[in-house]
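Reviewing the structure listed below.
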Amino acid sequence: MNDVERHLKRAKNKKIKVDKGVAKAKIEKGIMLVITGNGKGKSTAGFGNVTRCVGHGYKAAVVQFIKGKWASGERALLEKNGVPFAVMGTGFTWETQNPEADKIAANKVWQEAKKFLADPDIHLVLLDELTYMLSYEYLPKDEVLSALANRPKEQSVVITGRRAIDELITMADTVSDIQDTKHAFRAGIKARQGIDW
Ligand code: ATP
Ligand code: MG
């Protein structure tokens, strides 16, 4: 067998394997996707999913659990396209100083999140940076987990943030752990509009 024949044989075997997998996947339901880890790209991936949904004509909603330093480019675009945003207006930042105020702010935005998670018309809910609200115990864990578990069957949810607690990992259908192999910031390069927010 020459190289070309070997390649074709491998490709054919691979196709048989993939087709078998596709045939086995029969369950129709929304998924829970957790995007965690220290590398860059978690929120960007979450917003990519929102864009994908909106492009197919589905309704999506976004909840942001971090008070951003800058207005995000995603919000400017997606709100114009009918995506509701619930954003933590005050409170938690990366350099948090006031846990009590943060807790109040987190619980306020969580009330909005709960409404999205109960609305069967919403195909996808992005809970950006939710992981910290659980690891810092700013939100009632049992209530959050049960709202996630009891969401409408067709609704998907994307959760982003570092250090996702074990319960989220266990409950999720898909978990991606983004590695921090390298980041421009450590070479002294400033965060850039359109790239970092
Ligand atoms: P992005 O919003 O770019 O997808 P992210 O959601 O994965 O990033 P966060 O931990 O939410 O990462 O951090 C948000 C901001 O911090 C972004 O501006 C991002 O570029 C920057 N950032 C992400 N990872 C790192 C890192 N490992 N070192 C330094 N800065 C980072
Ligand atoms: Mg992020």
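Given the conditions (1) away from ligand 2 (no atom under 16 Å from the Cβ); (2) surrounded by fewer than 16 Cβ atoms within 10 Å (Cβ to Cβ); (3) under 16 Å from the mean Cα position of the chain (by Cα), which single one is not true for D177?
Failed condition: (1).
Determine whether H183 is touching a Cys at 6+ places or on another chain (Cβ under 6 Å) and either of a type outside the set (V, I, T) or more than 16 Å from ligand 2 (Cβ to nearest atom) (or both).
When the stated conditions are applied, H183 does not pass them.
Contact list please: Cβ distance under 9 Å, first residue in the stretch 157-175 and modelled with pLDDT under 95, second residue within 16 Å of ligand 1 (Cβ to nearest atom), pairs at least six apart or on different chains.
Within 9 Å, no pair qualifies.
Based on what the data block shows, is V109 in contact with a helix residue (DSSP H, G or I) (Cβ under 8 Å, 6 or more places away or on another chain) and open to solvent by less than 50 Å² (accessible area, probe 1.4 Å)?
No, not satisfied.
Please state which of the following conditions I16 fails to meet, knowing it meets all the rest: (1) within 16 Å of ligand 2 (Cβ to nearest atom); (2) among the β-branched types (V, I, T); (3) open to solvent by 70 Å² or more (accessible area, probe 1.4 Å).
(1)
Being surrounded by 17 or more Cβ atoms within 10 Å (Cβ to Cβ) and at pLDDT 95 or above is the filter here, so list the residues in the stretch 74-83 that pass it.
Answer for the stretch 74-83, where residues must be surrounded by 17 or more Cβ atoms within 10 Å (Cβ to Cβ) and at pLDDT 95 or above: L78, V83.
I need the full set of residues from the stretch 139-170 which are part of a helix (DSSP H, G or I) and open to solvent by 60 Å² or more (accessible area, probe 1.4 Å), in order please.
Matches in the stretch 139-170: K141, D142, E143, A149, D166, E167, I169, T170.
Which pairs do you get when a residue that is touching a residue at least 60 places away in the same chain (Cβ under 8 Å), found in the stretch 132-151, comes within reach of a residue that is open to solvent by less than 20 Å² (accessible area, probe 1.4 Å), reach meaning Cβ atoms under 6 angstrom, with the pair 6+ apart or on two chains?
Filtered contacts from the stretch 132-151: Y132/G161; M133/F65; M133/A106; M133/L139; R151/L117.
With respect to the numbered conditions (1) within 16 Å of ligand 2 (Cβ to nearest atom); (2) aromatic (F, W, Y); (3) closer than 24 Å to A60 by Cβ, which one is the sole condition not fulfilled by Y136?
All conditions pass for Y136, except number (3).
Report yes if P120 is in contact with a Lys or Arg (Cβ under 9 Å, 6 or more places away or on another chain) and either open to solvent by 60 Å² or more (accessible area, probe 1.4 Å) or over 27 Å from G55 (Cβ atoms) (or both), otherwise no.
Judged against the criteria, P120 is a match.
Being in contact with a Lys or Arg (Cβ under 9 Å, 6 or more places away or on another chain) and at pLDDT below 90 narrows it down to one residue among T90, T96; which is it?
Among T90, T96, only T90 is in contact with a Lys or Arg (Cβ under 9 Å, 6 or more places away or on another chain) and at pLDDT below 90.
Looking only at residues that are part of a helix (DSSP H, G or I) and free of Cβ contacts under 8 Å to residues at least 24 places away in the same chain in the stretch 37-60, which one is farthest from ligand 1 (Cβ to nearest atom)?
Ranking the qualifying residues of the stretch 37-60, first place goes to G55.
The values are calculated or read from the model by the stated rules, or taken from the named source; none is laboratory data. None of the values given here were measured: they were computed from a predicted structure. For neighbour counting, all protein chains shown are included, and Cβ atoms are generated from backbone atoms with ideal geometry for every residue, glycine included. Accessible surface is based on the protein model in full, side chains and every heavy atom, while ligands, DNA and RNA are left aside. Shrake-Rupley method; radii C 1.70, N 1.55, O 1.52, S 1.80 Å.
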